[in-house]
Amino acid sequence: MKSKSLSGYWFILPCFILLLGVLGVPMVMALLNSFAPIWTKGLSGFTFAYYRKLFVDPVFLNSLIRTVYFVGTTVALHLVLGLGVALALNSAVRARRFFRVIAILPWTVPDVIAGLVWACMYDPLSGILNELLHRLRLIASPVEWLANPTLVMPSVILADVWRGYPFVMLVLLAGLQTIPREQYEAARVDGASAIQEFLYVTLPNLKPMIAIATILDMIWQTRRFGLIWVMTEGGPARATEILSVLAYRQYFKFFNFEYASAISVVLALFLLLIGIPYIRMVSQRV
């Protein structure tokens, strides 16, 4: 019996070793490097100077604010749009499977490709967005969507919402399909309106799925890099420089390895705090 119980661990051992090499070793090295480059200074070089710098560095504080703005806005819009599309696709409409495939398509596009496509659409001279707005006589001259510090973040957020809402939509659609139809029938017998059905039947049943979708989406949005880097590289004037972009720039552009590692460790701790509720929910279900 003991050998059978251990057989499962042998099956996952290769995957565990691979993850340990790909994720575990770099994580430990980044953690050590955030205190001091021990391969040049040794253990005596350990210092918290890089972490202390984070709280007085205006560039880091700006990136932190941009990250909160970006993540909060995109996650909220993902939830609203994802829930709306999920409700529409869960209703008795013709060709539901076809529309479900169409709704999922943006999620299949890689971040980099989505960023390139939207950057072309935002181009002030040849972009389709300015052309459409000009034909509708909503603008008189081309708009610099990705060069204006005021417009660039909303422009990036719009591209990200198009790219990321299908994940939330899929999670909520799965949750909608698990709600017993008898609850809706009982609500109709009691004379409930469509709004009351949504408030007192749909939402209470969807709370666990909404929580899961929100937590996972917050984690992925905090880690978002490819789409922003391709569209703006964090500019102009650091208007779209979220923490993931700042860490990349510090490491690969300015070669501030220790400071970039400190930023990455703080970001990882933040994501860990976000992920704890999800881990608890999953463990309780198991």
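Tabulated data for the structure shown
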| quantity | calculated |
| --- | --- |
| Efficiency of FRET between Ile102 and Leu54 - r from beta-carbon atoms, R0 30 angstrom, step 0.05 | 0.10 |
| CD proxy at 222 nm, helix term only [per DSSP H run n ≥ 4: -39500 (n - 2.57); per residue of the chain; nearest 500] | -23000 deg cm²/dmol |
| Separation in nanometres of the label points that stand 7 Å from Cα toward Cβ, at Leu133 and Trp10 | 6.4 nm |
| Label-point separation, Tyr278 to Tyr184 (7 Å along Cα→Cβ), nm | 2.9 nm |
| When the chain is reduced to its Cα atoms, the Kirkwood hydrodynamic radius in Å | 22.3 Å |
| J(HN,Hα) series, the stretch 57-67, from Karplus relation 6.51 cos²θ - 1.76 cosθ + 1.60, nearest Hz, glycine and proline x | 7, x, 5, 5, 5, 5, 5, 5, 5, 5, 5 |
| Rh (Kirkwood; distinct C-alpha pairs) - the stretch 144-258, Å | 17.1 Å |
| Charge dipole magnitude, Cβ of K and R +1, D and E -1 - the chain, Cα centre, debye nearest 20 | 600 debye |
| Exposed trypsin sites (Lys or Arg not before Pro) absent - longest run of the chain, DSSP non-H/G/I/E/B, at most 10 other C-beta within 10 Å | 138-286 |
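Since every read-out is calculated from the coordinates, none of them should be taken as a lab result. Keep in mind it's a predicted model, so treat the numbers as computed, not measured. Don't worry about glycine lacking a Cβ; one is built from the backbone with ideal geometry, like all the others, and counts go over all protein chains shown.
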